[in-house]
Amino acid sequence: MDINTVDLPITLASIRCIKPSGLYSIKKPYQYSGVLPPSEEHLRSNVEYTTHENVPMHNLRGLPSEIKVNLEEHGFALHKLPFTADSTALKTDATALQTYLTDLAAWTKTHFNAEKVLWYNYRFRRSDQKQNIADQETEMGSAELPNGPASVAHIDITLKGGPKRIRRHLTKAEAEKYLGGKYRLRIVNAWKPLSPVHDNPLALCDRRTISPSDLITVNRVSDAGSREFYYTIYQPQQKWYWLSTQQPDETLFFLNYDSKPPNGACACPHTSFKDPGAGKVEPRESIEVRMIVISES
Ligand code: OGA
Ligand code: FE
């Protein structure tokens, strides 16, 4: 039985997406992050957005226990991990953070039957921080300077960018072995709340409901270089999910790149949204870890 067959409770949300345009093929969307003189601020980005109201967000809390979302079909999965990671310690104790990253990569390797799993990036977020495209990109996140929640639907990495990113973290011999086409390469985020989420939850789109033309490549340019990601165009056939009051021991795993997608898109669009029923609550705090997952199939 698939999640499609279950009548899940729905919250109507507004989500921001890139505006459809026929010009993207000749005028590539870009964003610059870094310092610009005020007179050039208008050149920071050529991206236009549009907000879609009343997008149905299906609440995974309503799934019967025998039906599970999974990375293979839907592009995302929900797991209770068997090791503890104290939220305060993750923010303040570098050793506790390293232990969490190591445990998470080891669990992921076993669970997804992988030959190799490497974490390469983590990011803390707090919903009372602003996400600003002018912010200089940092390679690694920090608990002192958390990012804000995502405000536009996106995928972190493109089909072209995936192998490039993976190569950066492999030795020459590993790259030769794993990037030759025989192995399956994935980039998977593990998203964990640091306290129960009462607003600004993560929203995830079933990858089977995405069509390649919904994905628009954007260049994120900074002084450190340039990298590509996708903004996604909203289409009513997309099916979006969330998990109400997500707890620190509930980790959402989701795909940002797949070299051998079995069906649908290569990854899972995601963003955050304001829950219209939330009221005034504590800010959402989370940590997401990006991992390279290398497996035979
Ligand atoms: C991510 C991401 C958004 C958020 O984990 O890649 O985009 O608001 N997260 O936490
Ligand atoms: Fe993301």
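When you restrict to C-alpha pairs under 8 Å that are six or more residues apart and normalise by the size of the chain, the relative contact order lands at 30 percent.
Shape of the range 176-287 from its Cα gyration tensor (a ≥ b ≥ c, root eigenvalues): rounded if a/c is under 1.5, otherwise prolate when a/b > b/c, or oblate? Display every interim value, and only then the final one.
Numbers: a/c = 1.73, a/b = 1.61, b/c = 1.08.
Because a/c hits 1.5 or more and a/b exceeds b/c, the range 176-287 counts as prolate.
When only alpha carbons are used to place a centre, the range 13-50 and the range 283-297 end up 27 Å from one another.
Listed by chain and number, the lysines whose alpha-carbon sits under 16 Å from that of K19, ignoring those within fewer than 8 places in the same chain, are K27, K28.
Accessible area ranking (1.4 Å probe, heavy atoms, ligands and nucleic acids excluded), largest first, for E53, E176: E176, E53. Rounded to a whole number, what is D in µm²/s for the range 108-153 from Stokes-Einstein with the Kirkwood radius over alpha-carbon pairs (20 °C, 1.002 mPa s)? So the translational diffusion coefficient is about 169 µm²/s. Placing +1 on the Cβ of every Lys and Arg and -1 on the Cβ of every Asp and Glu, with no other charges, gives the range 76-182 a dipole of roughly 500 debye about its Cα centre. In the range 3-296, the ratio of gyration radius to Kirkwood radius, Rg to Rh, stands at 0.94 when only Cα atoms are counted. Taking label positions 7 Å along the Cα-Cβ direction at both S213 and E139, the computed distance is 4.1 nm, reported to one decimal.
Taking the three principal axes of the alpha carbon atoms in the range 1-58, the coordinate ranges are 54, 25, 19 Å, sorted in descending order.
Please arrange L78, L97 by accessible surface area, largest first, computed with a 1.4 Å probe and ligands excluded.
On the way: L78 55, L97 15 Å².
Result of the area sort, largest leading: L78, L97.
Within straight-line reach of K192, meaning a Cα separation under 27 Å, sit the following lysines at least 8 residues removed in sequence or on another chain: K68, K80, K91, K109, K116, K130, K164, K239, K260, K274, K280.
Mind checking the log10 I(q)/I(0) for the range 1-150 at q = 0.09 Å⁻¹? Debye, one equal scatterer per Cα, no solvent, two decimals. Once normalised to I(0) and log-transformed, intensities are -0.49. For the range 127-197, averaging the sequence separation of C-alpha pairs within contact (under 8 Å, six or more residues apart) and dividing by the residue count gives a relative contact order of 24 percent.
Take V35, V6, V293 and sort them by solvent-accessible surface of the protein heavy atoms, 1.4 Å probe, largest at the top. Write down the numbers at each step before the final one.
Numbers: V35 130, V6 30, V293 0 Å².
Ranking V35, V6, V293 by accessible area, largest first, yields V35, V6, V293.
Among L179, L215, L255, the residue with the largest mean-square fluctuation in a Gaussian network model of the chain, with springs joining Cα atoms closer than 10 Å, is L179.
Mean residue ellipticity at 222 nm from the helices of the chain, using -39,500 (n - 2.57) per DSSP H segment of n ≥ 4 over the full residue count, to the nearest 500 deg cm²/dmol?
Working: 4 runs with 39 residues, N = 297.
Mean residue ellipticity, 222 nm, calculated: -4000 deg cm²/dmol.
The values are calculated or read from the model by the stated rules, or taken from the named source; none is laboratory data. Only a predicted model underlies this, so the values are computations on that prediction, with no experimental measurement involved. Note that we place each Cβ from the backbone using ideal geometry, even for glycine, and neighbour counts take in every protein chain shown. SASA here: full protein model, heavy atoms, side chains in, ligands and nucleic acids out. Shrake-Rupley method; radii C 1.70, N 1.55, O 1.52, S 1.80 Å.
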